[in-house]
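Single-structure report; data block below.
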Amino acid sequence: MRFEVLGTFSISSGSGSVPLHGRMRRTLLGVLLVRANTFVPVNVLTEALWDSKWEPRAVPKLHWHVHKLRQALPEGDRLAFDNGGYRLEVHPGELDVETFETLAGQALKTADSAQRASLIRQALTHWHGAPYEGLDVPLLSDETMRLSEHRLVLLEELYQAELDLGRHASAAVELADLVRRHPLRQRAQHLLMDALWRAGRTSDALAAYRRARRISVDQLGLEPGPELRLLERRILAGEVAGAGAHRAPALLHRAR
């Protein structure tokens, strides 16, 4: 089986796509996948399905939804009950989140910029939209936020690798789009300024700083961080772009 949650929620097997109807069953499967290969207590599942609201027949209804989910899955016996909870057995490589995070982990461990960029781009091919799309329950929302943050950090690492490889112009184009969508991420702002500077677009780099400062002051009531201000000073001082193998600090962003 193959489970995809990074975007449109879907299940597939060797015979094709597996239909899974109903918000309750999709939510149930989502929670079981977040806790894959571990027993999830019945009370955790009922709270997720009924959003902590009182439901007098929650437990028998949960068992019925589990029964229907077992029927829908090509290998329903992987969904087992024990220790007061349910466990979904997921094999290595079957869950797109696992594949994404494995490739991301490999990328962050390598010192070779070309290999790092390649691995990150491979990881990002598994991303097709918001995680657990359409399933709005607190337990899944927390996981969605974690994965979304992981993706943004990975994108920033990708563009740092691209700058290290001298791909300044193409990185600047992609970074401009990232900054438009996440204007409060100061590491992304820093990378954009650096990319423009290295591409010979000094005035654009300084304009990017002014925009970043205006957004930070208007929305957060704060001046940009010290790393962003330092980069502006280096540009104004006429330093050689990229001198000293400058890297954007990994924890520079303040917000999404």
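The values are calculated or read from the model by the stated rules, or taken from the named source; none is laboratory data. Computed from a predicted structure; not experimentally measured. Note: ideal-geometry Cβ built from the backbone for every residue, glycine included; neighbour counts use all protein chains shown.
Restricting the stretch 1-22 to residues that are among the β-branched types (Val, Ile, Thr) and under 19 Å from Ala130 (Cα atoms), the residue that is surrounded by the most Cβ atoms within 10 Å (Cβ to Cβ) is Val5. Residues that are assigned to a helix (DSSP H, G or I) and either closer than 19 Å to Ala169 by Cβ or in contact with a Ser or Thr (Cβ under 9 Å, 6 or more places away or on another chain) (or both) within the stretch 210-235 comprise Leu228, Leu231, Ile235, listed in sequence order. If you filter the stretch 130-139 down to residues that are at negative phi and modelled with pLDDT under 90, you find that the one that is surrounded by the most Cβ atoms within 10 Å (Cβ to Cβ) is Leu135.
Only one of the numbered conditions (1) modelled with pLDDT of 95 or more; (2) surrounded by fewer than 17 Cβ atoms within 10 Å (Cβ to Cβ); (3) more than 30 Å from Glu157 (Cα to Cα) is violated by Gly105, and that is (3). Starting from residues that are exposed (fewer than 15 other Cβ atoms within 10 Å of the Cβ) and either of a type in the set (Gly, Ala, Ser) or within 11 Å of Asp194 (Cα to Cα) (or both), keep the ones in the stretch 227-241 and report whichever is modelled with the highest pLDDT. So, considering only residues that are exposed (fewer than 15 other Cβ atoms within 10 Å of the Cβ) and either of a type in the set (Gly, Ala, Ser) or within 11 Å of Asp194 (Cα to Cα) (or both), the one modelled with the highest pLDDT is Ala237. Thr202 passes every criterion in (1) buried (at least 20 other Cβ atoms within 10 Å of the Cβ); (2) closer than 20 Å to Tyr159 by Cα apart from (1). All of Glu47, Glu98, Glu55, Glu4 fail the test of being closer than 21 Å to Asp136 by Cβ and within 18 Å of the chain's Cα centre (by Cα), apart from Glu4.
Within the stretch 111-129, the set of residues being in a loop (DSSP other than H, G, I, E, B) and surrounded by 14 or more Cβ atoms within 10 Å (Cβ to Cβ) comprises His126, Trp127, His128. Is at least one residue of the stretch 68-83 surrounded by 13 or more Cβ atoms within 10 Å (Cβ to Cβ), of a type in the set (D, E, K, R) and in contact with a Ser or Thr (Cβ under 8 Å, 6 or more places away or on another chain)? Among the residues of the stretch 68-83, not one is surrounded by 13 or more Cβ atoms within 10 Å (Cβ to Cβ), of a type in the set (D, E, K, R) and in contact with a Ser or Thr (Cβ under 8 Å, 6 or more places away or on another chain), which makes the answer no.
Looking only at residues of the stretch 5-61 that are part of a strand (DSSP E or B) and free of Cβ contacts under 8 Å to residues at least 12 places away in the same chain, we find that the one that is farthest from Ser148 (Cα to Cα) is Gly16.
Results for (1) of a type outside the set (A, V, I, L, M); (2) in contact with a Lys or Arg (Cβ under 8 Å, 6 or more places away or on another chain), shown as yes or no for each residue.
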| residue | (1), (2) |
| --- | --- |
| Gln160 | yes, yes |
| Leu163 | no, yes |
| Val173 | no, no |
| Asp177 | yes, no |
| His182 | yes, yes |
| Arg187 | yes, no |
| Leu191 | no, no |
| Asp194 | yes, no |
